[in-house]
């Protein structure tokens, strides 16, 4: 019995040590964000603060998956949406856009906030542009006047702009088609952040005009039936689903991973 007890005790101690190492790694990532005290960028945009952080590596994996699609001919324009609100679609859009811009081949990346009702891209970046997508589509401004930048090379952004009277109709208009065609000629990748597909039709409207849609799903919250309904709505709008991103995941890091940190 003594040997069994000692073995169990040793296994418990090793498990505690592993948990402590993972906690230290997570705490280290948090501290990296806290060091950027004067930045107005939201700490959730980890690829901005620390491209080598563990979470940033997950966005690099997503970047690799996107760039590997269609036998190395990745989508030029694609939508990121979710089934319902607060699943992390805008944070995913921002982190993926930054990760793409940081790729070795330095592609020109544009992130467009097409959530004309509750756009949050500018808010997450701590900026207040006066011109956005709604002004461009309504003819009040040129696309070049709506572009703004953060201190990441090759990355440009367009915020949503003021809330229009008919957002869905504006996204379905010829002016949006002209805008998208113009941007295709200026950028290698265009990421379009849109509202949740179950709430409004905007994601389907925009998705049908692009190479496809990435659907963000929050683990432990979004029910399977809701995701299925979102996929049905995208299918009905003739949007191609490129893949899914699962957010709010916590998992144990095996020891062989943090040996290389």
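Here, each number is a calculation from the coordinates, and none is a lab measurement. Owing to the predicted nature of the structure, the values given are computational and were not obtained by experimental measurement. Cβ sites come from the backbone with ideal geometry, for glycine too, and all protein chains shown count toward neighbours.
Each of residue 223 and residue 52 was given a label point 7 Å from its Cα along the Cα-to-Cβ line. The distance between the two points is 4.6 nm. Would you mind pulling out the separation of the Cα centroids of segment 92-136 and segment 157-220, in Å? Going from one Cα centre to the other spans 12 Å. Each label point is 7 Å from the Cα along the Cα-to-Cβ direction; what then is the distance between the points at residue 69 and residue 106, in nm? Going by the 7 Å Cα→Cβ label model, 2.6 nm. From least to most packed, judged by other beta carbons within 10 angstrom and beginning with the fewest, 213, 227, 121, 245 follow the order 227, 245, 121, 213.
Just want the ordering: 206, 112, from fewest to most Cβ atoms lying within 10 Å of their own Cβ.
Working: 206 27, 112 31.
Going from sparsest to densest Cβ surroundings: 206, 112.
When peptides 100-108, 76-84 are ranked by their average number of other Cβ atoms within 10 Å per residue, the highest-first order is 76-84, 100-108. Inter-label distance, residue 199 to residue 127: 2.2 nm, where each label sits 7 Å from its Cα along the C-beta direction.
Bridge orientation summary for segment 36-258: considering DSSP beta bridges with both residues in this region, about 5 percent are antiparallel.
Could you pull out which residues in segment 193-224 have an amide N less than 17 Å from a spot 7 Å beyond the Cα of residue 244, following the Cα-Cβ vector? Those under the cut-off are 197-198, 213-224.
Here 69, 98 are placed in order of increasing Cβ neighbour count within 10 Å, fewest first, which gives 69, 98.
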